[in-house]
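**Q** One structure, pasted below without further comment.
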Amino acid sequence: MITQQQNVKTAIPDLRDFPLDRLAEMGGTPLAHSIALYRERLKENGVPLSSFNARI
Amino acid sequence: MNNGVAELKAHRLPETAFTAVAAGRGDPAVIRLLQGAQQSKHTMLLHAIAEAVGDGDPADRGAAAFRAGYELLTRIQEADPGASAWLLGLPHLGGWAHDGLIRLDQGTAPDLAYLACAAAAAAVRAGVPFELDVPVRDGHVLLPGLGRLAAGGEAAWVRLRYDGRHLAAGDGVGDGVVVASRVALGPDYGSGQPVPHWRGTPAVRVLADGLAWDVLLVTDDPYLDRYTLPMSAGLSDRELRRWRQLVQAAWEVLVRHHRWAAEPIATGVSVIVPLTPQSETDLISATSPATFGAVATSWPPDPVTMAETLVHEFQHVKLCGLLDMVPLAESGAEKVYAPWRQDPRPAGGLLQGIYAHLGIVRFWQSQRQAETDPDNILRAHVQFARWRVAIEGAVDTLLRTGCLTPDGVRFSGLLRDQERALDDEPVPGEARQIAGEVALDHRLTWQIRHVATDAAAVEKLADAYRRGEPFPQQDRPGVWVQEDVRKLGSSVRSRLLNMSYLEPARYRELCAEGVLPLSGADRMLFGRDAEAAVLSYRDLITGSADPQPDAWVGLALALHRLPASAPQDAFAAHLPVLFDVHSRLGAGYDPLDLASWFG
């Protein structure tokens with residue numbers, strides 16, 4: 001049972017306030033893991049594109 | 001600002017926001033959550049590219065420009081976090097970072113120097129001085145999200161200097177120097193004075209009933225030229241005026257009749273990419289998960305269609321944003337029927353289509369009340385009825401693929417709840433009939449094209465029929481999706497069916513002229529003589545030595561107009577098997593008798 005107060009688990013680290021010049025220090029952290037996951041998704045799914053023809 | 005490595009956390013997505021997106025809505029606060037995640041995603045991809053570039057070869061001009069751009073962006077982040085957030089949230093940057101990562105993984109060189117241009121754009125916004133070398137494209141330096149500065153020469157690279165007030169391209173003295181003041185260095189809303197050497201990115205600021213929307217019309221950024229059709233580069237001033245007027249008119253439709261969609265669109269769509277269609281009557285729109293916030297479309301015929309397109313594509317934008325945060329579908333080989341496509345679709349594609357059409361159903365639900373012209377009222381009712389029914393069936397198909405994650409199953413259930421909440425909305429009989437017929441025609445045409453049958457089981461059925469045996473229920477042939485397993489001829493009948501509600505006036509005109517290349521049976525169908533059409537399609541099939549797939553679909557449509565019967569059910573439920581069994585039997589066999597045997 002999921003309640004409205006809960007959070008959904010997400011796959012992207014929150015980097016909004018993270019100094020860009022310190023990202024290099026992250027090494028083998030969750031950031032590297034997230035990048036690897038993203039790369040895997042790209043390989044699996046290619047580059048999806050929505051394309052809608054309103055006349056169909 | 002967060003300075004601790006250990007404090008890195010995943011983006012927060014409250015269940016309420018997940019539910020709001022699944023319900024097809026999402027207020028501006030929810031859209032900002034998705035935007036925040038995109039900013040992080042772009043930062044993450046930028047970091048991956050930076051790691052690959054490393055200290056690199058100092059002689060590599062692109063890598064040097066990248067490093068200079070990265071350093072400048074770091075300074076901007078410190079001086080004006082809003083300006084760096086603006087840049088990292090731009091769809092242009094998303095497209096560039098996405099493509100850069102793919103090129104790295106493919107072993108080809110990314111366009112590293114683009115980051116220097118992008119950082120320069122953010123620095124100009126922030127008033128942060130800089131000096132760096134940038135590439136020149138077609139005589140201009142592109143500043144993504146702002147505009148283009150004339151480079152003043154033929155060189156492939158130029159030094160760009162900015163002192164916080166003036167931007168100069170060139171060596172700073174003598175020929176080839178271009179200077180523009182900061183206040184002028186912004187998008188072009190079509191109302192200001194021309195600025196020497198500067199071409200602001202075309203933009204439009206629209207307002208209706210107090211609600212404003214500010215959106216760029218981008219036709220020159222290579223990372224937003226990524227759709228199935230090319231972007232409309234080089235729009236004239238007149239064409240830009242027409243686009244601005246169209247966006248204003250569409251905005252009035254959205255704000256006055258679809259406020260639920262207008263507010264999130266104003267928050268989440270920052271770029272429209274005008275596309276060049278292959279023909280004047282073609283209307284194509286698209287989004288890409290790499291460019292959150294950008295919607296591409298060819299020129300729509302009217303403001304209502306533009307408004308619908310925005311609603312439709314913004315659904316894709318939202319879902320792409322959510323999918324980056326929460327995987328909903330896993331990749332699978334299986335492809336299935338989508339009621340809005342002519343080709344079989346994977347689970348992820350079907351999910352996108354369902355979600356987009358939930359927005360379309362909502363749009364037409366409200367638009368029915370807004371229209372006053374009888375033809376437009378009919379169109380609105382048919383659109384509403386057709387897509388409402390399509391969603392429920394498509395959700396069932398999606399769940400059967402087994403490709404959804406637990407969050408994906410939950411999301412799909414919430415989608416279906418939304419559709420069911422619209423079930424009680426009344427639709428006039430004529431609109432309901434057209435919607436049902438168009439949907440049936442689409443589904444059966446798709447099945448004839450893409451549903452294969454077990455040849456041995458089909459042969460057994462044909463033998464049993466020849467021998468006059470009862471239908472062997474246990475030997476029903478297996479079927480599976482296989483692209484283009486059969487060919488269909490003309491699509492005139494299908495196009496005419498769609499025209500009957502999309503362009504009723506043109507439909508009446510064409511029917512009156514009687515010049516369309518239709519069979520006699522088709523003419524009876526459109527002439528509302530279903531019984532005669534049934535007999536005519538039957539005779540066509542029975543008397544032909546070759547399979548007649550178009551006639552089989554036509555026969556199903558004609559039966560659909562008559563009272564319920566066993567053949568009607570068999571045609572609607574088992575058309576590919578019926579067709580293949582009849583093909584095995586050969587000419588002379590009555591398709592209606594065969595369908596009754598199936599029933």
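The values are calculated or read from the model by the stated rules, or taken from the named source; none is laboratory data. Computed from a predicted model, the values in this text were never measured in an experiment. Methodologically, a virtual Cβ is constructed for each residue, glycine included, from the backbone with ideal geometry; neighbour enumeration extends over all protein chains shown. Keep in mind that these areas ignore ligands, DNA and RNA; they rest on the heavy atoms of the full protein, side chains included. Shrake-Rupley method; radii C 1.70, N 1.55, O 1.52, S 1.80 Å.
**Q** Collect the residues in region A:12-38 that are open to solvent by less than 40 Å² (accessible area, probe 1.4 Å), in contact with a strand residue (DSSP E or B) (Cβ under 8 Å, 6 or more places away or on another chain) and modelled with pLDDT under 90, keeping them in residue-number order.
**A** The answer is A:31, A:34.
Here's the yes/no breakdown for (1) among the acidic types (Asp, Glu); (2) modelled with pLDDT under 95; (3) open to solvent by 40 Å² or more (accessible area, probe 1.4 Å); (4) out of contact with any Cys (no Cβ under 8 Å at 6 or more places or on another chain):
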site: B:535; (1), (2), (3), (4): no, no, yes, yes
site: B:542; (1), (2), (3), (4): no, no, no, yes
site: B:548; (1), (2), (3), (4): no, yes, yes, yes
site: B:551; (1), (2), (3), (4): no, no, no, yes
site: B:556; (1), (2), (3), (4): no, no, no, yes
site: B:559; (1), (2), (3), (4): no, no, no, yes
site: B:562; (1), (2), (3), (4): no, no, yes, yes
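**Q** Given the condition β-branched (Val, Ile, Thr), within 21 Å of the chain's Cα centre (by Cα), within 11 Å of chain A (Cβ to nearest Cβ) and within 24 Å of residue B:495 (Cα to Cα), answer yes or no: does some residue in region B:384-392 qualify?
**A** Residues of region B:384-392 β-branched (Val, Ile, Thr): B:389, B:391.
Remaining after also requiring within 21 Å of the chain's Cα centre (by Cα): B:389, B:391.
Applying the additional criterion that residues be within 11 Å of chain A (Cβ to nearest Cβ) yields none.
For region B:384-392, residues β-branched (Val, Ile, Thr), within 21 Å of the chain's Cα centre (by Cα), within 11 Å of chain A (Cβ to nearest Cβ) and within 24 Å of residue B:495 (Cα to Cα): absent.
**Q** If you check B:525, B:497, which single one turns out to be outside any loop (DSSP other than H, G, I, E, B), within 22 Å of residue B:435 (Cβ to Cβ) and touching an Asp or Glu at 6+ places or on another chain (Cβ under 8 Å)?
**A** Values: B:525 fails: touching an Asp or Glu at 6+ places or on another chain (Cβ under 8 Å).
The match here is B:497.
**Q** Now for a separate question. Which one is nearest to residue B:569 (Cα to Cα), of the residues in region B:434-488 that are assigned to a loop (DSSP other than H, G, I, E, B) and open to solvent by less than 50 Å² (accessible area, probe 1.4 Å)?
**A** Checked region B:434-488; the qualifying residue nearest to residue B:569 (Cα to Cα) is B:471.
**Q** Turning to a different aspect of this structure: Being within 11 Å of chain A (Cβ to nearest Cβ) and more than 18 Å from the chain's Cα centre (by Cα) is the filter; apply it to region B:330-349 and report the residue that is least open to solvent (accessible area, probe 1.4 Å).
**A** B:332
**Q** Here is a further query. Could you run through region B:497-510 and say how many residues are surrounded by 18 or more Cβ atoms within 10 Å (Cβ to Cβ) and touching a residue at least 24 places away in the same chain (Cβ under 8 Å)?
**A** Total satisfying the criteria: 6.
One line per residue, one yes/no per condition, for (1) open to solvent by less than 20 Å² (accessible area, probe 1.4 Å); (2) touching a residue at least 24 places away in the same chain (Cβ under 8 Å):
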position: B:11; (1), (2): yes, yes
position: B:18; (1), (2): yes, yes
position: B:29; (1), (2): no, no
position: B:32; (1), (2): no, yes
position: B:46; (1), (2): yes, yes
position: B:49; (1), (2): yes, yes
position: B:55; (1), (2): no, no
position: B:58; (1), (2): no, no
position: B:68; (1), (2): no, yes
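**Q** Being open to solvent by 10 Å² or more (accessible area, probe 1.4 Å), of a type in the set (A, V, I, L, M, F, W, C), at pLDDT 95 or above and assigned to a helix (DSSP H, G or I) is the requirement here; does residue B:311 meet it?
**A** No.
**Q** Step by step: first the residues of region B:370-415, then only those that are part of a helix (DSSP H, G or I) and of a type in the set (Asp, Glu), then the one that is nearest to residue B:505 (Cα to Cα). Which residue is that? Explain how you work it out, then say what you get.
**A** Within region B:370-415, the first condition is being part of a helix (DSSP H, G or I), and the residues that meet it are B:370, B:374-401, B:406-415.
Add one more test, that the residue is of a type in the set (Asp, Glu), and what stays is B:375, B:392, B:396, B:407.
Working: B:375: 8, B:392: 31, B:396: 36, B:407: 46 Å.
Residue satisfying both the conditions and the ranking: B:375.
**Q** Still on this model: Out of everything in region A:39-52 that is more than 7 Å from every other protein chain (Cβ to nearest Cβ) and over 30 Å from residue B:283 (Cα atoms), what residue ends up being modelled with the lowest pLDDT?
**A** That would be A:43.
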